[in-house]
Every structure is written in structure tokens, then in C-alpha cells.
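Trainee: Before I ask anything, let me first share the structure, which is written out below as C-alpha cells.
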Amino acid sequence: MNEQDSNAPVFSIEKIYVKDLSVEVPNAPHCFLEREQAQVSLQMQTGGEAVGDGVFNVVLTLTVSAKIGEKTQFLVEAAQAGIFQIRNVPDEELEPIIAVACPNILFPYARETISDAITRAGFPPVLLAPVNFEAIYRQRLEQQQAQAEARGPHEVPIQ
């Protein structure tokens with residue numbers, strides 16, 4: 001291996017796993033007698049942390065709930081995680097990889113885990129639409145920038 005190869009950017013999947021899975025059917029068995037269509041909602045959260053030199057653990061948590069009126073039919077939460085090797089990448093590119101590329105890889109696994117759990121709980125499968133993690137990341141950056149601009153310039157006391 002020559003010097004140039006050792007500095008080449010590295011991005012690889014080391015492991016994909018389900019970190020946590022929760023299924024609740026609080027109103028069973030009565031909820032299975034309902035004929036009304038449930039309102040399904042999705043909440044999503046991502047996070048990542050370094051767990052070694054150039055090794056990162058990224059977790060995508062999806063929470064899917066279905067309600068008819070105020071009665072919860074089901075609540076399923078899956079924390080799909082992955083261990084990724086990310087090396088020789090400029091610091092400014094690291095955050096987008098963790099916030100966009102890694103969740104894009106994890107989402108199909110999380111979607112399958114959620115759908116399987118809902119089906120095993122006795123409900124029709126819920127097929128989650130694809131998510132644009134890049135748009136979510138850009139929106140978060142814009143919000144952070146707007147908040148920083150709203151605070152205005154910081155005054156530094158002269159000593």
C-alpha cells in the first residue's frame with residue numbers, strides 16, 4: 001500500500017443492528033373490533049457518536065403510532081443502528097455523512113423492522129414513504145443559522 005492509498009477517504013458499514021424495539025397495543029383486544037380508519041403518524045430522530053478512531057455509531061429512531069380519536073391502536077418504536085467506519089474525510093464533510101448518508105442506509109432496515117412489528121402485533125402493515133434526509137439536514141442548518149443571526153453579534157468585553 002502506498003502513501004496515497006492510506007490517505008484515501010474510507011466509508012464502510014461495519015454492522016447494522018436493531019438497538020431497541022418496542023411494541024405497544026394498549027387497547028387490545030377492543031382495538032381490533034374498530035372499523036374506523038386509524039390516523040397514523042411518524043416521528044423520527046437521528047444521532048451519531050464516535051465510538052473509536054474513525055468509527056461511528058449512528059442511530060435512526062422511528063416511532064409510528066396509530067390512533068382512532070384519542071384511543072391509541074398501536075405504538076411501535078424502533079431504534080435502527082449502524083456502526084460505520086469513516087476515515088480521511090474533512091471535518092466539514094463528517095457531519096453531513098453522519099446526518100444524511102448513514103440514515104439513508106439505515107432507513108430501509110428501520111422501515112422493514114417497523115412494518116414487521118406492526119404486522120406481528122395484528123395490524124395491517126404500514127409502508128413508510130421514503131425520507132429525504134438531505135432536505136431535513138439542510139432545513140436544520142438553516143434554522144440554526146437563522147437563530148444565530150437573530151441573536152446578533154456577540155459583544156466581547158475589553159479588558
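The values are calculated or read from the model by the stated rules, or taken from the named source; none is laboratory data. Everything quoted here is computed from the prediction, not taken from an experiment. Counting neighbours? That spans all protein chains shown, and the Cβs are built from the backbone with ideal geometry, glycine included. Just so you know, the surface numbers come from the protein's heavy atoms only, side chains and all, with ligands and any DNA or RNA stripped out. Shrake-Rupley method; radii C 1.70, N 1.55, O 1.52, S 1.80 Å.
Trainee: Quick one: dipole size for the stretch 1-57, taken about the Cα centre, charges +1 on Lys/Arg Cβ and -1 on Asp/Glu Cβ, in debye to the nearest 20.
Mentor: Roughly 260 debye, rounded to the nearest 20.
Trainee: Which residue fluctuates the most in the chain, going by a Gaussian network model with Cα springs under 10 Å, if the choices are E14, E70, E24?
Mentor: Residue with maximal mean-square fluctuation among E14, E70, E24: E70.
Trainee: Does anyone have the angle between helix 102-120 and the longest principal axis of the chain? Alpha-carbon axes, 0 to 90°, nearest 10?
Mentor: 10
Trainee: Do you know the relative contact order of the chain, to the nearest whole percent, from alpha carbon pairs under 8 angstrom that are 6+ apart?
Mentor: Normalised by residue count, the contact order of the chain is 24 percent.
Trainee: Oh, and also: At E149 and L94, where each label point lies 7 Å from the Cα along Cα→Cβ, what is the point-to-point distance in nanometres?
Mentor: 2.8
Trainee: How do F107, F11 stack up against each other in accessible area, from largest to smallest, with a 1.4 angstrom probe?
Mentor: Numbers: F107 10, F11 90 Å².
Descending order: F11, F107.
Trainee: Could I ask something else about it? How much length, in nm to one decimal, is gained on full extension between E24 and R87, taken as 0.36 nm per residue of separation minus their Cα-Cα distance?
Mentor: Details: separation 63, 0.36 × 63 = 22.68 nm, distance 3.97 nm.
Result for the pair: 18.7 nm of gain on full extension.
Trainee: Net charge near G52: determine it from the other residues with C-beta under 14 Å of the C-beta of G52, scoring Lys and Arg +1 and Asp and Glu -1.
Mentor: -1
Trainee: So, one more: Relative to the present Cα-Cα distance, how much length would full extension add between S6 and R120 at 0.36 nm per residue of separation? Before the final figure, lay out the partial values.
Mentor: Numbers: separation 114, 0.36 × 114 = 41.04 nm, distance 4.70 nm.
Taking S6 through R120 to full extension adds about 36.3 nm, to one decimal.
Trainee: Of Q85, F133, Q37, which is farthest along the charge dipole of the chain in the positive direction, counting Lys and Arg as +1 and Asp and Glu as -1 at C-beta?
Mentor: Checked the options; the winner is Q37.
Trainee: Taking only C-alpha pairs under 8 Å that are 6+ residues apart, what is the relative contact order of the stretch 81-145 in percent?
Mentor: Numbers: 26 pairs, mean separation 21.0, N = 65.
Dividing the mean separation by the residue count of the stretch 81-145 yields 32 percent.
Trainee: Hey, what angle do you get for helix 133-151 against the long axis of the chain, alpha-carbon based, 0 to 90 degrees rounded to 10?
Mentor: 60
Trainee: What's the magnitude of the charge dipole for the stretch 1-128 around its Cα centre, counting Lys and Arg as +1 and Asp and Glu as -1 at the beta-carbon? Answer in Debye, nearest 20.
Mentor: On the way: 8 positive and 17 negative charges, 146 e Å.
In debye, rounded to 20, the stretch 1-128 gives about 700.
Trainee: A follow-up question, please. Which distance in nm do the two modelled labels at M44 and Q139 give, with both placed 7 Å along the Cα-to-Cβ direction?
Mentor: 0.9
Trainee: Something else now. Average the reciprocal distances over every distinct pair of alpha-carbons in the chain, invert the result, and give the Kirkwood radius in Å.
Mentor: After inverting the mean inverse Cα-Cα distance, the result is 18.5 Å.
Trainee: Oh, and also: Working from the alpha-carbon coordinates of the stretch 75-159, get Rg over Rh, Rh being the Kirkwood radius.
Mentor: Details: Rg = 19.2 Å, Rh = 16.2 Å.
Expressed as Rg/Rh, it is 1.18.
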